[in-house]
Amino acid sequence: MSSSPLLNELIEALRCLPGVGAKSAQRMAFHVLERDRAGAKRLAERLTTAVDRIGNCERCRTFSEERICSLCSNAARDRSILCVVETPVDQIAIEQATGFRGHYYVLLGRLSPLDGLGAKELGIDALANRLAEGEVSELIIATNPTVEGEATAHLLSQVAREAGVRATRLAHGVPLGGELEFIDRGTLAHAFGGRQTLTD
Ligand SMILES: [Zn+2]
């Protein structure tokens, strides 16, 4: 605790960031006061603007300051393929790593009853309505391969089946550059079970 109540409040507020404990928060607070007040002012303004103005796209639920995000309103993208991800970060990862040109649906979470996250919170109804529009022919389920992610994938595949839409799931396997002896058993078993025919 310092002798300045305002400084104490700043340190406490910084702890809302993930991975920032008491020590890191203290270091950050001292850093901005000692060395970068202008940067801190800019950060404060950006934080306020972002929190006030960024909402969620009405169509895909990703973060957006527009009612419909730029990706959803991009006419060049393929509306027949819809990729479901847990978070906007997952969406960005797929965008950067693949040549995917379809649309996304962001759940903003995964099924987790203990955290109060059910079908309603994940926007499953809106997704079902979207599939019922008839435009989507493939639903790519890109939830994480965790217990909760798998439960979510199961629910999504049911929604797709009810709408008569083909559901696909990301393959699980051996990481590129990895060596079999160092790969965990679950991943290796999945990769082995999901082996594919080599074609030439
Ligand atoms: Zn969108």
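Values quoted throughout were computed directly from the atomic coordinates according to the rules given, and no laboratory measurement underlies them. In this text, all values refer to a predicted model and were calculated from it rather than measured experimentally. Glycine also receives a Cβ, built like all others from the backbone with ideal geometry; neighbour counts cover every protein chain displayed.
Looking at the chain as a GNM with Cα springs under 10 Å, which of Ile94, Ile183, Ile81 has the largest mean-square fluctuation? Per the Cα network of the chain with a 10 Å cutoff, Ile183 tops the list.
Going by average Cβ density within 10 Å per residue, which order do the peptides 137-146, 50-59 take, highest to lowest? Spell out each step's value before the answer.
Details: 137-146: 18.2, 50-59: 12.9.
Going from most to least packed, we get 137-146, 50-59.
Taken along its three principal axes, the alpha carbon spread of segment 1-89 comes to 60, 24, 19 Å, from the longest extent down to the shortest.
For the chain, the antiparallel share of DSSP beta bridges with both residues in that region comes to about 20%.
Backbone amide hydrogens, once placed in the peptide plane, bring Tyr105 within less than 5 Å of Cys83, Val84, Val85, excluding anything fewer than 5 places away on its chain.
Would you please state which residues of segment 101-140 a label at Ser70 would reach in this model, taking the label point 7 Å out along Cα→Cβ and a backbone N cut-off of under 15 Å? Zone members listed by number: none at all. Taking every C-alpha pair closer than 8 Å and separated by at least 6 residues, the mean separation divided by the residue count of segment 9-151 gives a relative contact order of 18 percent. Which one, Val165, Val84, Val147, has the greatest fluctuation when you compute a Gaussian network model over the chain with C-alpha springs under 10 angstrom? Checking each option, the largest mean-square fluctuation is seen for Val147. An ellipsoid equivalent to the chain, defined through the eigenvalues of its Cα gyration tensor, has semi-axes of 38, 24, 17 Å when rounded to whole angstrom and sorted largest first. Dividing the alpha-carbon radius of gyration of segment 90-200 by the rule-of-thumb value 2.2 N^0.38 Å gives 1.20.
With r defined as the distance between the Cβ atoms of Ile94 and Ser3 and R0 fixed at 41 Å, what FRET efficiency is calculated, to the nearest 0.05?
Details: r = 50 Å, r/R0 = 1.21.
E between Ile94 and Ser3, to the nearest 0.05, is 0.25.
Note on the chain: helix-only mean residue ellipticity at 222 nm, from DSSP H runs of 4+ residues weighted -39500 (n - 2.57) and normalised by residue number, equals -13500 deg cm²/dmol. Looking only at Arg169, Arg46, Arg161, which one moves most when the chain is put into a Gaussian network model with springs between Cα atoms under 10 Å? So, out of Arg169, Arg46, Arg161, the one fluctuating most is Arg46.
Backbone amide hydrogens, once placed in the peptide plane, bring Asn56 within less than 5 Å of Ser64, excluding anything fewer than 5 places away on its chain.
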